[in-house]
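The values are calculated or read from the model by the stated rules, or taken from the named source; none is laboratory data. Nothing here was measured: the structure is a model prediction, and the numbers come from that model. No Cβ is skipped: glycine too gets one built from the backbone with ideal geometry, and neighbour counts run over all protein chains shown. In case anyone asks, the SASA skips ligands and DNA or RNA and just uses the protein heavy atoms, side chains included. Shrake-Rupley method; radii C 1.70, N 1.55, O 1.52, S 1.80 Å.
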Amino acid sequence: MSEFKKIKLKSLKANSNSLSKAANQIVLLEQNPDEFTPFRTKLKNINLLPLVPTSLEIFQINLGKMCNQVCTHCHVDAGPDRKEIMTKETMEVILEILKLNPEFKIVDMTGGAPEMNPHFRWFVEEISKLKIQMYVRCNLTIINANKKYNDLPEFFKKHKIEVISSLPFYSKDRTDKQRGDGVFESSIKALKMLNEVGYGKEYSDLKLNLVYNPAGAFLPPDQNALEKEYKTALQKDFGIAFNNLFAITNLPVSRYLDYLVSSGNFEDYMTKLIDAFNPSAALNVMCRNTISIGWDGYIYDCDFNQMLELKVTASDSQHIKDFNATSLLNRNIIVNNHCYGCTAGAGSSCGGAVA
């Protein structure tokens, strides 16, 4: 067995300890067969190395890895058995940071299912007092998972939260294959509930955006064309309206990386990403105006670096208790070969295509 194959096997057999798994996946991503040009080299060739921030605008927060779903593509490894949840004390520190740093214009709450954090509603209410735009990454099915979540559409509306929800496709078979049996039906019901309170409607300022992730080892199609397909199909079949569709490339991280390796698609997928490298997309990657906060308060360049345990290079500001905006704005962003996923084709970020 070649050394490269051994490393891949090691990645698959990594235990559930997040640091151990992250370390193994970094080793795998840094293996460079002759045809794999390192991402750093690509950036150097276009004079973007080191990659540095352009602003501090989006404060993305992982409220915990607990989720009511177990999706095959999930880069967070989220699920019902995960116990990592952000504490109220950590949230209080974040609120102080937001008060003292008005350059942050958006708070982007993610998970897991962020609504499952027991302090979620309190946190939202406190952020509302600061007059900061909020996004919530809602998986839709959480709205129907338990009666205590049924009023989430009204709660979101009250605080004018922009809802961003994953819907792998506008058909049952493809959605359930990626996210589990019954997910499509539950998602459609949740979308109707959001529409009923005004989300996604032309007359409303309540934004409802959907997210598409490819179900296999391929890149997403053109975002604008796919959005038209979604809008036509969802309106025709279910009377559902939404604002925008974000087509997001699956990054080779965590559960999706394990899928690529176990299915024998790792090398081919990495080649697709590398061949599709777009310098224009590299200029606009989300890590240049975003910082990502882990459930335990540690700071990362992006949600994907968070899952690889790659803390920011600002050594005096790696945890929110030591938050230093100047250091974070002047840091070098950590890049690795998984970053090809954000620069392939039209590019990809938490808000979809970037080029």
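Things to note:
- Over the range 181-329, the ratio between the Cα radius of gyration and 2.2 N^0.38 Å evaluates to 1.29.
- Ranked packing of 180-192, 290-302, 81-93, 53-65, most packed first, by mean Cβ within 10 Å: 290-302, 53-65, 180-192, 81-93
- For the range 240-309, convex hull volume per residue from C-alpha positions, Å³: 161
- Remark on HIS319: its backbone amide H falls under 5 Å from those of ILE299, a criterion applied only to residues 5 or more positions apart or on other chains, H modelled at 1.01 Å from N.
- Over the residues of the chain, the helix contribution to mean residue ellipticity at 222 nm works out to -11000 deg cm²/dmol, using -39500 (n - 2.57) for each DSSP H run of at least 4.
- The range 167-215 - Rg over Rh from alpha carbon coordinates, Kirkwood radius: 1.03
- Computed on the range 224-263, the Cα convex hull volume stands at 111 Å³ per residue.
- Expressed to the nearest 5 percent, the antiparallel share of DSSP beta bridges inside the range 151-303 is 20 percent.
- Share, in percent, of DSSP beta bridges within the chain that are antiparallel, nearest 5: 20
- All-pairs Cα distance distribution in the range 45-163, expressed in whole percent, bin size 10 Å: 12, 41, 31, 12, 3, 0
- Built amide H within the under 5 Å cut-off of ASP108, gap 5+: PHE59, GLN60, ILE61, TYR135
- What separates the Cα centres of the range 40-60 and the range 272-340 is a distance of 9 Å.
- Surface analysis of the range 65-167 yields an accessible area of 42 Å² per residue, using protein heavy atoms and a 1.4 Å probe.
- For the peptides 279-289, 136-146, 196-206, the ranking by packing is 136-146, 279-289, 196-206, with the highest mean count of neighbouring Cβ atoms within 10 Å listed first.
- For the chain, the relative contact order works out to 22 percent when only alpha carbon pairs closer than 8 Å and six or more residues apart are counted.
- Here the accessible area is traced with a 1.4 Å probe on the protein chains. For the chain, carbon and sulfur cover 50 percent of it.
- Applied to the range 122-138, the Karplus parametrisation 6.51 cos²θ - 1.76 cosθ + 1.60 on θ = phi - 60° returns per-residue 3J(HN,Hα) values of 4, 4, 4, 4, 5, 5, 4, 5, 8, 6, 10, 4, 10, 10, 10, 8, 9 Hz, with x for Gly and Pro.
- Using the 1.4 Å probe convention, the accessible area of the range 283-355 works out to 31 Å² per residue with neighbouring protein chains retained.
- Restricting the calculation to alpha carbons of the range 130-259 gives Rg and Dmax of 14.7, 44 angstrom.
- Leading residue at positive end of dipole, the chain (Cβ point charges), from LEU273, ASN330, PRO118: PRO118
- When cysteine pairs in the chain are screened for C-beta atoms closer than 4.7 angstrom, the residues that find no partner are CYS67, CYS138, CYS339, CYS342, CYS350.
- Put simply, the Cα atoms of the range 285-327 extend 22, 21, 14 Å along their principal axes, the longest span coming first.
- Residue-wise HN-Hα coupling along the range 338-355, computed from phi with Karplus coefficients 6.51, -1.76, 1.60 (Hz; x: Gly, Pro): 5, 5, 4, x, 8, 10, 7, x, 6, x, 8, 8, 5, x, x, 4, 10, 9
- For VAL354, distant residues with modelled amide H under 5 Å away: GLY347, SER348
- The range 215-282 - accessible surface per residue (Å², probe 1.4 Å): 41
- Hydrodynamic radius by Kirkwood, which averages 1/r over all alpha carbon pairs of the range 109-205, in angstrom: 14.0
- Rg over Rh for the chain works out to 0.94, using Cα positions for both radii and the Kirkwood form for Rh.
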